[in-house]
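Written out below as structure tokens is the structure these notes cover.
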């Protein structure tokens with residue numbers, strides 16, 4: 001029996017009686033539910049799928065992009081550094097004397113060298129003959145004198161009458177200069193890279209060139 005039929009059945013009763021019986025409406029509701037076999041009036045709504053359920057349907061393999069196989073970072077190519085140029089040393093045997101800052105040994109300004117440098121006791125300085133200037137022993141060149149400690153710097157020049165000779169500065173120690181006298185020594189120096197064009201003159205003077213890596 002349908003609910004519409006019950007309503008139709010109940011209308012005459014309503015017309016006949018102005019008031020419902022206290023149990024009429026609950027009874028009518030129970031009968032309608034039992035006859036129709038319908039679900040309760042306040043049926044529970046169906047749950048919608050959540051985002052988690054949707055995400056669970058996605059295969060794990062497509063969740064993250066896979067890295068391509070067989071690709072690896074190649075080590076940077078190493079380029080061989082050019083080897084430094086060899087060290088060139090010029091070796092020459094010369095006569096060596098010694099001098100002091102005295103007027104009788106130099107000129108009226110014994111403490112001023114040929115290029116204007118002021119000489120002081122304790123400085124390691126040599127004067128060179130003018131022919132050695134042409135072989136690369138110019139002002140400021142550092143020279144090693146075999147048998148003596150340290151390096152000496154070319155800061156003075158000897159008179160033109162001397163050749164292939166050096167003069168070692170010994171400050172005010174006249175006795176040391178006299179004891180030195182005149183000796184034959186070997187001097188060594190590394191020429192300036194721009195010092196070119198003296199090879200023939202250097203070899204003619206008996207010089208030797210040593211090369212080391």
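FYI, it's all coordinate maths here, none of it is from the lab. Everything quoted here is computed from the prediction, not taken from an experiment. Heads up, the Cβs are rebuilt from the backbone with ideal geometry, glycines too, and the neighbour counts pull from every protein chain shown.
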If each part is reduced to its alpha-carbon centroid, the range 151-198 and the range 96-150 end up apart, in Å, by 6 Å
Percent of Cα-Cα distances greater than 18 Å, calculated over the range 87-212:
50 percent
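Can you put 107, 173, 167 in order of Cβ neighbours within 10 angstrom, beginning with the fewest? Could you put the intermediate results ahead of the total?
Working: 107 9, 173 13, 167 24.
In order of increasing Cβ crowding within 10 Å: 107, 173, 167.
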Arrange 106, 89 by Cβ neighbour counts within 10 Å, fewest through most, would you?
89, 106
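Fewest to most neighbouring Cβ within 10 Å: what's the order for 123, 158? Walk me through the intermediate numbers first.
Values: 123 15, 158 21.
Ranked by crowding around the Cβ, least crowded first: 123, 158.
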